[in-house]
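First the structure, which I've put down as structure tokens, then a few questions once you've had a look.
Only the coordinates and a few stated rules stand behind these numbers; no lab work does. All values derive from a computational prediction rather than experimental measurement. Here the Cβ positions follow ideal geometry from the backbone for every residue, glycine too, while neighbour counts run over all protein chains shown.
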Amino acid sequence: MGWLFTQGSSKSDIIRDLTATEENETRRWETLTHSVRGNVLWAVVEITHKQEQTTKRFIACYLLRSDKGYGWGYKDMEESMFPNYFSCPLKYLAMVPVANADWRAEVQKYHERRNRKVEIGQKIGLVHASIPWVVITSKRPLLGTYDGMCYRVPRRMLGEVLV
């Protein structure tokens with residue numbers, strides 16, 4: 001699917017529109033909870049089909065982006081589509097039936113990497129980085145050295161501990 005933009009809209013306008021409850025004669029679309037991680041909006045959405053008296057819950061992933069001089073827009077996905085984003089809050093996984101076990105495993109790994117303890121002096125590999133590893137020199141802020149240079153290390157880039 002493509003991107004949908006709204007002229008003159010702000011990021012908060014888009015978030016408010018995407019999380020608003022909608023209802024008509026046949027269904028109700030309600031966002032039970034949501035959170036923003038950078039430019040990714042995560043939401044647990046419940047759709048109630050009134051005639052069948054059934055409900056369906058799913059995890060929605062909305063990528064948010066600004067188009068200079070026009071406004072903010074979004075691209076929507078859901079768990080079953082295996083969005084290549086894994087910062088979904090862990091508590092959302094417990095709220096929704098599994099639609100993609102592989103994606104959920106990646107979310108779990110992302111949070112394990114992000115929340116693990118690091119020690120000064122550890123040599124840690126990096127993922128999605130231009131350098132292969134760093135030796136941790138500071139925990140707050142998280143800093144490491146490689147080839148004589150000091151780098152700030154985002155926790156999302158932490159890989160395996162190397163020996």
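Students often forget the sequence filter, so: which lysines lie under 17 Å Cα-Cα from residue 123 once same-chain residues fewer than 8 apart are removed?
Those lysines meeting the cut-off are 139.
Sticking with this one: In nm, to one decimal, how far is the residue 32 label point from the residue 99 one, both placed 7 Å along Cα→Cβ?
Going from the residue 32 label point to the residue 99 one covers 1.3 nm.
When the chain is treated as a GNM, springs tying every alpha-carbon pair under 10 Å, which of 16, 65, 104 comes out with the largest mean-square fluctuation?
Maximum among the listed residues: 16.
Calculate the spin-label point distance for residue 48 paired with residue 139, positioning each point 7 Å from the Cα along the beta-carbon direction, and give it in nanometres.
Using points 7 Å along Cα→Cβ, the separation is 4.7 nm.
I've got another one for you. So, with +1 on the Cβ of K and R and -1 on the Cβ of D and E, and no other charges, what is the size of the charge dipole of region 123-162 about its Cα centre, to the nearest 20 debye? Write out the running numbers ahead of the final one.
Numbers: 6 positive and 2 negative charges, 51 e Å.
Roughly 240 debye, rounded to the nearest 20.
Treating the angle as unsigned and between 0 and 90°, give the value, to the nearest 10°, between the Cα long axis of helix 101-115 and the longest Cα principal axis of the chain.
Its long axis makes an angle of about 50 degrees.
Any idea what the relative contact order of the chain is, in percent, if you count C-alpha pairs under 8 Å spaced at least 6 apart?
Value for the chain: 15 percent.
Where Lys and Arg each count +1 and Asp and Glu each count -1, what net charge lies around residue 138 among other residues with Cβ under 12 Å from its Cβ? Each step should come with its number before you reach the end.
On the way: positive: 139, 140, 152; negative: 119.
Here the count lands on +2.
Rounded to the nearest 500 deg cm²/dmol, what is the calculated helix-only ellipticity per residue at 222 nm for the chain, with -39500 (n - 2.57) per DSSP H run of length n ≥ 4?
Numbers: 3 runs with 30 residues, N = 163.
One gets -5500 deg cm²/dmol as the mean residue ellipticity at 222 nm.
While we're here: Can you compute the charge dipole magnitude of the chain about its Cα centre, using +1 on each Lys and Arg Cβ and -1 on each Asp and Glu Cβ, nothing else charged? Give it in debye, rounded to the nearest 20. Present the calculation step by step, with values, prior to reporting the outcome.
Working: 24 positive and 18 negative charges, 164 e Å.
Dipole magnitude for the chain comes out near 780 debye.
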